[in-house]
Amino acid sequence: MLARRFHPALENSAMYILQALAFLFLTQAVLGEQPTPILPDPKLTPGDTFDVTAQDVCVPGYAKKVRAVPAWLKRQAYAEYGITRYKTGDYEVDHLIPLSLGGSNSIRNLWPQSTKTSPWNSYVKDALERKLHKLVCAGQLDLKTAQSDIASNWIEAYQKYVAKSPPAPRVREANPARTTSTASEIWVNTRSGKYWKPGSRFYGKTKQGEFMSELEALDGGYSPAGGTGQ
Amino acid sequence: MRRNQKLTKVIAGRTIKAVTTESGSVSVLFDDQSSMTIKTAGAAAVSPRSKVKSVHEAKADFKIEFEDGSSATFCLADPGSSVAVRDKNNAVEYLG
């Protein structure tokens with residue numbers, strides 16, 4: 001039995017269409033790739049500080065009093081860097097000048113930092129931040145110098161204060177609790193300041209509210225409804 | 001407008017003793033000698049003797065509600081970096 005054949009011109013056309021579709025798909029895939037900045041764009045993120053002294057930032061619990069990055073500001077940070085699609089845990093919205101060194105929550109101090117790039121990623125910067133805070137609080141480094149150095153180029157600052165060579169490649173896996181679906185997030189009633197856990201009566205149901213991780217909610221000063229959030 | 005829970009916990013119940021308004025900022029002195037500075041992008045007015053009930057924020061909009069039902073609304077100069085509260089010993093209570 002002979003296989004059914006189309007006219008050669010039609011077969012060629014079909015081939016061209018398939019090739020064009022494949023090209024279009026690949027182009028979209030490439031263009032859809034998100035940038036993974038290792039250093040922030042100094043025009044978008046020059047760094048910004050609160051009016052504080054070393055004495056202020058060295059008080060235990062200082063950073064907790066000043067950490068307040070609302071969801072809309074995080075979204076703005078991603079948008080400014082052209083990052084429209086990402087998986088939970090791929091990035092963290094980083095304070096270029098960390099709160100522990102007097103950095104502010106202004107958009108001028110926030111940028112989406114990759115947790116996946118290697119060897120320079122958010123975990124390496126965290127190590128630098130801890131080191132600088134320690135030096136400042138020990139009186140071995142001026143706060144303004146620490147702020148300036150980490151804002152101008154945090155990788156160079158790492159090489160200056162922590163180690164000359166980059167750390168061994170290490171990319172921490174995302175927190176499993178954050179890689180699961182949004183079902184792991186709690187619902188904050190932003191009017192009352194109480195939050196509800198998945199499955200509870202008012203989860204996602206209050207007139208005003210938003211989803212966020214429980215850690216973000218606690219950081220934001222919210223507390224579980226009825227003491228448990230259930 | 002979303003309640004700023006963290007700041008509300010800090011200043012709720014405090015009564016405004018004095019207000020100083022300058023171009024681009026408002027300084028509030030509370031009855032317990034703590035102070036709050038707000039960097040603003042526009043004009044703002046706050047009445048002394050008002051007792052703070054809660055604080056609300058939506059992007060650059062910043063609103064303080066008082067126990068007597070009145071309120072004061074500001075436009076923050078730079079959300080996330082415009083409000084500072086320090087206690088009578090000048091220790092940081094809130095920055096944001």
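Every read-out reported here was derived from the displayed coordinates using simple, explicitly stated rules and does not represent laboratory data. On a predicted model such as this, the values are computed, not experimentally measured, just so you know. Note: ideal-geometry Cβ built from the backbone for every residue, glycine included; neighbour counts use all protein chains shown.
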Could you work out, residue by residue across B:4-12, how many beta carbons of other chains sit within 10 Å of that residue's beta carbon, and then give the average as an integer?
-> 4
Among B:His56, B:Gly24, B:Ser81 the positive-end extreme of the charge dipole of chain B (Cβ point charges) = B:His56
What is the mean number of Cβ atoms from other protein chains located within 10 Å of the Cβ atom of each residue in peptide A:190-202, rounded to a whole number?
-> 2
Inter-part distance where the range A:57-71 and the range A:93-172 are each reduced to a Cα centre, Å | 16
Listed highest first by mean packing, meaning other Cβ atoms within 10 Å per residue, what order do A:96-107, B:5-16 come in?
-> A:96-107, B:5-16
Computed over the range A:54-161: relative contact order in percent, which uses C-alpha pairs under 8 Å that are six or more apart = 26
Charged-residue dipole, Cβ positions (Lys, Arg, Asp, Glu), the range A:54-161 about Cα centre, Debye nearest 20 | 280
Projected label distance in nm at A:Leu135 and A:Phe202, using a 7 Å step from Cα toward the beta-carbon = 4.8
Cα→Cβ-extended label distance, 7 Å offset, between B:Ala91 and B:Glu22, nm = 2.6
State which entries of A:Lys43/B:Lys88; A:Lys87/A:Lys125; A:Lys43/A:Lys116; A:Lys125/B:Lys63; A:Lys125/B:Lys51; A:Lys160/B:Lys9 exceed 32 angstrom in Cα-Cα distance in the structure shown.
-> A:Lys43/B:Lys88; A:Lys125/B:Lys63; A:Lys125/B:Lys51; A:Lys160/B:Lys9
Please give the FRET efficiency for A:Lys116 paired with B:Ala58, using the beta carbon to beta carbon distance and R0 = 25 Å, rounded to the nearest 0.05.
-> 0.15
Would you tell me the mean number of C-beta atoms belonging to other protein chains that fall within 10 Å of each C-beta in A:45-54, as a whole number?
-> 2
